[in-house]
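Everything below concerns the one structure shown next.
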Amino acid sequence: MDKLVIEGGVKLKGEVVISGSKNAVLPILAATLLTDEPCVIKNVPNLRDTNTMLKILRSLGKNVEFNKGIVTVSSTRHTSFIADYKLVSTMRASFCVLGPILAKLKKAKVSLPGGCIIGVRPVDLHLKGIKSLGADITIESGYVHAKASQLKGSQVYLGGVYGSSVLATDNVMMAATLAKGETIIESAACEPEVADLAEFLIKMGAKIKGHGTPIIEIEGVRQLHGAEHSIIPDRIEAGTLMVASLITKGDITIKNVFYQHLGAVVDKLEEAGASISKTDSSLRVRLKRKLKAINVTTLPYPGFPTDMQAQIMSLMSITPGISVITEKIYPDRFMHVAELNRMGAHIQREGPHAIVEGVKQLSGAPVMASDLRASASLVLAGLVARGRTSVSRIYHLERGYENMEKKLQVLGAKIWREKE
Ligand code: UD1
């Protein structure tokens, strides 16, 4: 296992290019199961999670090639309707193969993904949506068994206790493309990654309207065909590098971003003191004035993303004043608090809130990554801490950031990889 070692204190400067979005590419790869024709997906980030999804596609009988950011998926003669526990349990997003397998093969057996470090993460909304399309669903020995000789369009409300669900919306939308008649998803997730999936499905011949809004209408078609698609830029990677610029008092230009996907992040960072200037598909991010403590509440899109909560907490941990960070999507997503405190931060957790009292200086320490975004927050803290920080278990970081340490090196950071 590798760890990342960081010598803090360098102001980051220069240009960096954002990779394709992890949360867009995973369901889009799953959507290739809806057709036997070849599909070509471009701007694919080379991530641990992407490679897990490619393994799942292979296990289901697809031929997959991945070269220089382009994935080509074609069919073999042997298709399987079983998504195995070993693969699905390593990555929750793999549960979104359920809708496509069921719609295409009329039956599916998909392992339940299980919980994860950031919380319980149930799949009730996925199952409610798929059931509403007329599927017969049972759960046996840790697997969801679903069957339907013909899925039928219906009206389904997908709001849950914590708002809408991204992957449940994806799952039901994919299944509904091949259902008979019209499906209306109410309280659909509005995240740009859901809209990107819909755009790909439309290229495959699906009839979808309203994606990107809380009401999505899908008119089922008899079959879908192969298509080519380029993945949108990763707004969370962009947000993480924006924080990297501010936390080091640097000056970074971030290229290949969709500004319109970053509204809440830009708003909060400007409130905290950032100057963010936009040119075409680039953003220049630096400090306008001294950092100021701000309160942040995570919410479904277009609200502030939960996937940026840990990173903004690192920034607030060295910002004078008190900030309150409230987590409304995953109330237990605070594994990074204890590790940031090991580096000298003053953060107290009170239920779904973290109260951050900014300190003058963090100090480098050995810390442990517990999940993907927590590991990003520790790297950010390491960039500004006095002395040396080592972040172990960085396979979490590799799940969702392509070449993170190389990108930071290009910006001047003293960061390198060592064996544990
Ligand atoms: C996706 C993202 C993840 C992000 C999350 C919230 C991918 C691959 N992952 O995860 O990075 O943090 O959205 O923006 O796109 N819930 C239920 N029942 C369900 C499903 C979800 O109660 O059936 C709850 C969850 O526990 C959570 C909330 O709904 O509290 C939102 O979760 P959801 O949007 O489903 O997250 P994912 O789609 O798994």
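The values are calculated or read from the model by the stated rules, or taken from the named source; none is laboratory data. Computed from a predicted model, the values in this text were never measured in an experiment. All Cβ positions, even for glycine, are placed from backbone atoms using ideal geometry, and neighbour counts span all protein chains on display. With ligands, DNA and RNA removed, areas are computed over all heavy atoms of the protein, side chains included. Shrake-Rupley method; radii C 1.70, N 1.55, O 1.52, S 1.80 Å.
Laid out as a table, the results:
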read-out	value
Diffusion constant of segment 292-420 at 37 °C, which comes from Stokes-Einstein with the Kirkwood Cα-pair radius and 0.692 mPa s, µm²/s	223
Net charge of neighbours whose Cβ lies under 14 Å from the Cβ of S164, counting Lys and Arg as +1 and Asp and Glu as -1	-3
Candidate lysines for bridging to K147, where Cα separation is under 17 Å - those fewer than 8 sequence places away on the same chain excluded	K104, K106, K107, K109, K128, K131, K180
Largest-first ordering by accessible area, 1.4 Å probe, given options I101, I70	I70, I101
Percent carbon-and-sulfur accessible area, segment 22-230, ignoring ligands, DNA and RNA, probe 1.4 Å	51
All aspartates and glutamates inside 19 Å of K55 as judged from Cα atoms, apart from same-chain residues fewer than 8 positions distant	D36, E37, E65, D84, E398, E402
Relative pair counts by distance (%), Cα atoms of the chain, 10 Å bins	5, 23, 32, 24, 13, 4, 0
Length added when fully stretched, D332-K147, from 0.36 nm per residue minus Cα-Cα	63.2 nm
Distance in nm between pseudo-label sites at S282 and K68 (7 Å out along the Cβ direction from Cα)	2.4
Part-to-part distance (alpha-carbon centres) for segment 210-227 and segment 387-415, which is given in Å	38
Per residue solvent-accessible surface (Å²) - the chain, probe of 1.4 Å	40
Cα-Cα P(r), segment 202-334, percent of pairs per 10 Å interval	11, 35, 28, 16, 8, 2
Intensity falloff of segment 22-230 expressed as log10 I(q)/I(0), Debye formula with alpha-carbon point scatterers, at q = 0.15, 0.18, 0.19 Å⁻¹	-0.85, -1.31, -1.49
Segment 292-420, relative contact order [Cα under 8 Å, separation at least 6], %	21
Spatially proximal lysines relative to K249 (Cα-Cα < 20 Å; intrachain offsets below 8 disregarded)	K11, K13, K268, K278, K288, K290, K292, K360, K406, K407, K414
Mean-position separation - Cα centroids, segment 1-61 and segment 145-184, in angstrom	25
The chain: relative contact order as a whole-number percent, Cα under 8 Å and 6+ apart	21
Qualifying trypsin sites (Lys or Arg not before Pro) in segment 42-120, DSSP loop, other Cβ atoms within 10 Å at most 12	K68, R77
Solvent-accessible surface (1.4 angstrom probe) belonging to F66, in square angstrom, nearest 10	60
For peptides 140-147, 180-187, 399-406, sequence by mean Cβ density within 10 Å, most packed first	399-406, 180-187, 140-147
Accessible area of M174 in the full protein assembly, 1.4 Å probe (Å², nearest 10)	0
Relative contact order (%) - segment 203-271, alpha-carbon pairs under 8 angstrom, separation at least six	24
